[in-house]
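So the structure is just underneath, and the comments pick up after that.
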Amino acid sequence: MATFDPRPRKPIVAGNWKMFKTEAEAEVLIGQLLQRLDPLIEGIEIVLCPPFTDLPLVGKLIDGSKWHLGAQNIHWERQGAFTGEISPSMLVGLGCRYVIVGHSERRAYFGESDETVNRKVKAALAAGLRPILCVGETLAEREQGRTEAVVERQLSGGLDGIDQLSGVDLVAAYEPVWAIGTGVPCGAGEAERVSGFIREVLGRLLGDGTAEEIRIQYGGSVKPGNIAQFTSRPGIDGALVGGASLEADSFATLIREALG
Ligand code: 13P
């Protein structure tokens, strides 16, 4: 007999280390995390997204666990004269399962546009990587009442030309720019409202069935003390965590809080 599952999507919490942790520091952090968190954890997907230089070591250290490895960026070409870039197959070869695409820091500081984000999403999917597509408005855009317009443009641009997709292969992250690294998270009710809008747009772009399968994370000043406010909402399927993922105690507590 089928049982009613109140949470049809498996929650997913990803730690975006950004440009923190040398290899030596990563080794310490992973060692501590393995002591504090069940490596064979069920009921939640854990993704660690260290800098490129830490990927081989972190991949080796979490081998045999159920935690996943993710990258923070990707290039869309398979190979070529693209100095400083990393290809999809290089990431796959290191054991990556996920890749963050279109983070607001990359849009703001490295000129990423909806068009380049779109190329990266397509390249990731073609290589078998699951993109974590970040969207979110700046404070000025919010104050101008443009939150929905911005998020819709980022989604339709980022997913342009993609119609064949299994929902589990794409994660969307709602990261309001004003909440990132500020200690001022978005209110959980508002984050759920925008997440609902994101799912509505995903439904229009990819079909309602696919949109129902896509996990939508909230990101921006998520801490152990507030993560449950977000993950307890049925429309929010996890979190993309920056600062609080850099320390074993806070990340482990945060995962336990997310599990409820
Ligand atoms: P903080 O959790 O440090 O606010 O960063 C959020 C973020 O940008 C995750 O991608």
**Request:** Test SER166 against the stated conditions and say whether it is closer than 24 Å to GLU45 by Cα, within 19 Å of the chain's Cα centre (by Cα) and in contact (Cβ under 8 Å) with a residue 12 or more places away in the chain.
**Result:** yes
**Request:** Just need a number here: residues in segment 55-87 that are within 28 Å of GLU115 (Cβ to Cβ) and either in a loop (DSSP other than H, G, I, E, B) or among the basic types (Lys, Arg) (or both).
**Result:** 16
**Request:** Look through LEU91, LEU57, LEU34 and report the one residue that is modelled with pLDDT of 95 or more and surrounded by 21 or more Cβ atoms within 10 Å (Cβ to Cβ).
**Result:** LEU91
**Request:** Please tell me if ALA140 is part of a helix (DSSP H, G or I), more than 16 Å from the ligand (Cβ to nearest atom) and farther than 20 Å from PRO88 by Cα.
**Result:** yes
**Asked** Is one or more of the residues making up segment 206-226 part of a helix (DSSP H, G or I), at pLDDT 95 or above and of a type in the set (Phe, Trp, Tyr)?
**Response** no
**Message:** Take the conditions part of a helix (DSSP H, G or I) and at pLDDT 95 or above and apply them to GLU112. Does it pass?
**Reply:** no
**Item:** Where ARG256 falls short, out of the listed (1) away from the ligand (no atom under 12 Å from the Cβ); (2) touching a helix residue (DSSP H, G or I) at 6+ places or on another chain (Cβ under 8 Å)
**Value:** (2)
**Asked** Any residue at all in segment 150-162 that is free of Cβ contacts under 8 Å to residues at least 24 places away in the same chain and in contact with a strand residue (DSSP E or B) (Cβ under 9 Å, 6 or more places away or on another chain)?
**Response** yes
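Among the residues of segment 163-177, what is the count of those that are outside any loop (DSSP other than H, G, I, E, B), within 15 Å of the ligand (Cβ to nearest atom) and either of a type in the set (D, E, K, R) or under 24 Å from CYS96 (Cβ atoms) (or both)?
Pass one, segment 163-177, residues outside any loop (DSSP other than H, G, I, E, B): 167-169, 171-174, 177.
Still in the list and also within 15 Å of the ligand (Cβ to nearest atom): 171-174, 177.
From the residues that got through so far, the ones that are either of a type in the set (D, E, K, R) or under 24 Å from CYS96 (Cβ atoms) (or both) too are 171-174.
Residues that pass the stated criteria total 4.
If you take the residues of segment 178-214 that are among the β-branched types (Val, Ile, Thr), closer than 19 Å to THR138 by Cβ and away from the ligand (no atom under 13 Å from the Cβ), which of them is farthest from the chain's Cα centre (by Cα)?
From segment 178-214, those among the β-branched types (Val, Ile, Thr) are 180, 182, 184, 194, 198, 201, 210, 214; that's our starting set.
Now narrow it down to the ones that are closer than 19 Å to THR138 by Cβ: 180, 182, 184, 194, 198, 201.
Subset that is away from the ligand (no atom under 13 Å from the Cβ): 194, 198, 201.
Working: VAL194: 16, ILE198: 14, VAL201: 18 Å.
The extreme case among them is VAL201.
Identify, please: which residue in segment 38-54 is in contact (Cβ under 8 Å) with a residue 12 or more places away in the chain and assigned to a loop (DSSP other than H, G, I, E, B) and is, among those, surrounded by the most Cβ atoms within 10 Å (Cβ to Cβ)?
Pass one, segment 38-54, residues in contact (Cβ under 8 Å) with a residue 12 or more places away in the chain: 39-54.
Subsequent filtering for residues that are assigned to a loop (DSSP other than H, G, I, E, B) retains 39-44, 50-51.
Numbers: PRO39: 14, LEU40: 9, ILE41: 15, GLU42: 9, GLY43: 10, ILE44: 17, PRO50: 26, PRO51: 18.
It comes out as PRO50.
The values are calculated or read from the model by the stated rules, or taken from the named source; none is laboratory data. Nothing here was measured: the structure is a model prediction, and the numbers come from that model. Don't worry about glycine lacking a Cβ; one is built from the backbone with ideal geometry, like all the others, and counts go over all protein chains shown.
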